[in-house]
Amino acid sequence: MSKEPVAVVGIGQTKHVAARRDVSIAGLVREAARRALDDAELTWADIDAVVIGKAPDFFEGVMMPELYLADALGAVGKPMLRVHTAGSVGGSTALVAANLVAARVHGTVLTLAFEKQSESNAMWGLSLPIPAQQPLLAGAGGFFAPHIRAYMRRSGAPETIGALVAYKDRRNALRNPYAHLHEHDITLDKVMASPMLWDPVRYSETCPSSDGACAMVLTDRAGAARAPRPPAWMLGGAMRSEPTLFAGKDFVSPRAGQDCAADVYRQAGITDPRREIDGAEIYVPFSWYEPMWLENLGFAGEGEGWKLTEAGVTELDGDLPVNMSGGVLSTNPIGASGMIRFAEAALQVRGQAGEHQVEGARRVLGHAYGGGSQFFSMWLVGAEPPDS
């Protein structure tokens, strides 16, 4: 029996900010969920199951928060599933929900991811000394900076590439009312003059700490037929993982990421992603990861990703726009960051991205990664169903 086509009929986000002190975690997630339901013109009663995800519980210090969030999400008496795959969790949560619909386990599923970083300290939460594991050296930036340096050595990329990415994404964020950082006075010179945090990553080339949540309503073909506006259709979706450390691991272009992208493209019938995909929302918490992931995802050859950035290909009006919403560099409620990438991809093919809409976008990639470049989740969504 073939899979049931999966449609995105509702999308909701909170306004992402440094601290949402006006709401509890329950209030935060309910706000995003209500917006997704309103977008789909559905009620809590129309939802068959809820799939929720977030980053490690010790960030906020609330263990297994899904247990007390069930009431806020209309899940009392309904199946509720928690997902966790580090920073990629927002993407993998959406995929778990999509698979429930594709397998005809449920007809309509609410999926949601969140983080309330103002009630946590993620940098030091990620710096705990764990026996027999590599230290993170004051946050994720300390872990990833050497891999960025390795990419620069391999590719010969000039030092300015990271600043170009940050400057682009922060300007894109000005077009997105939900983005956390709205730096109206941003200039390339200001990015390049910002303090060095983890060589070669500067302050303006790294992501913020955000409070926020993102939700989507996923449904089957019958649900899509009742939707008030054209949905986004999942053309392909996949997850892959690999150990944090192992002999021969390529931190610059992890095998799990390559395999994940290849599986998504196979499902969607994509043979030339550079030409057949109209845009990509890629998980870029440090600006240098744009050219690195462009290569890992097959949009550029090895050592060539930075040339796309430098040539303006990834600009909003370029041949392959990347992070049209401002990306993780502008908004980072960690648990939700991956789902925001998936949701923003869906907004593009629905033609609902507002001022950061890519004209004529028909196929857009959503991407998330987490841990020590070890967890990957991706989907490709389109304006037409997969069998059309």
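Could you say which residue among L81, L126 is at pLDDT below 95 and open to solvent by 10 Å² or more (accessible area, probe 1.4 Å)? Show your work before the answer.
Details: L81 fails: at pLDDT below 95.
Going through L81, L126 in turn, the sole match is L126.
Modelled with pLDDT of 95 or more, on the phi > 0 side of the Ramachandran plot and either open to solvent by 50 Å² or more (accessible area, probe 1.4 Å) or assigned to a helix (DSSP H, G or I) (or both) - does that describe any residue in region 4-22?
Our first condition is that a residue be modelled with pLDDT of 95 or more; within region 4-22, this holds for 4-22.
From what's left, on the phi > 0 side of the Ramachandran plot: none.
Scanning region 4-22 turns up no residue that is modelled with pLDDT of 95 or more, on the phi > 0 side of the Ramachandran plot and either open to solvent by 50 Å² or more (accessible area, probe 1.4 Å) or assigned to a helix (DSSP H, G or I) (or both).
With respect to E295, is the statement that it is open to solvent by less than 20 Å² (accessible area, probe 1.4 Å), touching a Ser or Thr at 6+ places or on another chain (Cβ under 9 Å) and part of a helix (DSSP H, G or I) true? No; evaluated as a whole, the condition is false for this residue. Please specify each residue of region 284-311 satisfying the condition of being touching a Gly at 6+ places or on another chain (Cβ under 6 Å) and within 21 Å of R362 (Cα to Cα). Correct list: L294 only.
For region 43-60, residues that are of a type outside the set (A, V, I, L, M, F, W, C) and open to solvent by 50 Å² or more (accessible area, probe 1.4 Å) total 3. Only a single item in (1) over 24 Å from G156 (Cα atoms); (2) open to solvent by less than 10 Å² (accessible area, probe 1.4 Å) is not met by P254, and it is number (1). Within region 156-178, the set of residues being touching a Lys or Arg at 6+ places or on another chain (Cβ under 9 Å) and either open to solvent by 10 Å² or more (accessible area, probe 1.4 Å) or farther than 13 Å from V284 by Cβ (or both) comprises A157, A163, Y167, P177, Y178.
Regarding region 334-342, can at least one residue be identified that is of a type in the set (F, W, Y), open to solvent by 10 Å² or more (accessible area, probe 1.4 Å) and either more than 13 Å from D278 (Cα to Cα) or in a helix (DSSP H, G or I) (or both)? Give the derivation first.
At the first step, the residues of region 334-342 found to be of a type in the set (F, W, Y) are 342.
Within this subset, residues satisfying the condition of being open to solvent by 10 Å² or more (accessible area, probe 1.4 Å) are none.
No, there is no match, as no residue in region 334-342 is of a type in the set (F, W, Y), open to solvent by 10 Å² or more (accessible area, probe 1.4 Å) and either more than 13 Å from D278 (Cα to Cα) or in a helix (DSSP H, G or I) (or both).
From the list A150, A166, A157, A98, the one residue that fits, being in a helix (DSSP H, G or I), modelled with pLDDT of 90 or more, farther than 30 Å from E31 by Cα and among the aliphatic types (A, V, I, L, M), is A150.
Could you list, in sequence order, all residues of region 208-232 that are of a type in the set (A, V, I, L, M, F, W, C) and buried (at least 24 other Cβ atoms within 10 Å of the Cβ)?
Listed by number, the residues that qualify are A213, C214, A215, M216, V217, L218, A232.
If you filter region 180-207 down to residues that are farther than 20 Å from P146 by Cα and aliphatic (A, V, I, L, M), you find that the one that is most open to solvent (accessible area, probe 1.4 Å) is A193.
Restricting to region 62-102, name every residue that is among the small types (G, A, S) and over 23 Å from the mean Cα position of the chain (by Cα).
Of region 62-102, the ones among the small types (G, A, S) are 70, 72, 74-75, 77, 86-88, 90-92, 94, 97-98, 102.
Hits for region 62-102 are A70, A72, G74, A75, G77.
Give the residue, chosen from A75, A70, A40, that is farther than 24 Å from R350 by Cα and crowded, with 19+ Cβ neighbours inside 10 Å. Answer to the check: A75.
The values are calculated or read from the model by the stated rules, or taken from the named source; none is laboratory data. Model, not experiment: these values are computed from the prediction. No Cβ is skipped: glycine too gets one built from the backbone with ideal geometry, and neighbour counts run over all protein chains shown. When the accessible area is computed, the model is the full protein with side chains, heavy atoms only, and any ligands, DNA or RNA have been set aside. Shrake-Rupley method; radii C 1.70, N 1.55, O 1.52, S 1.80 Å.
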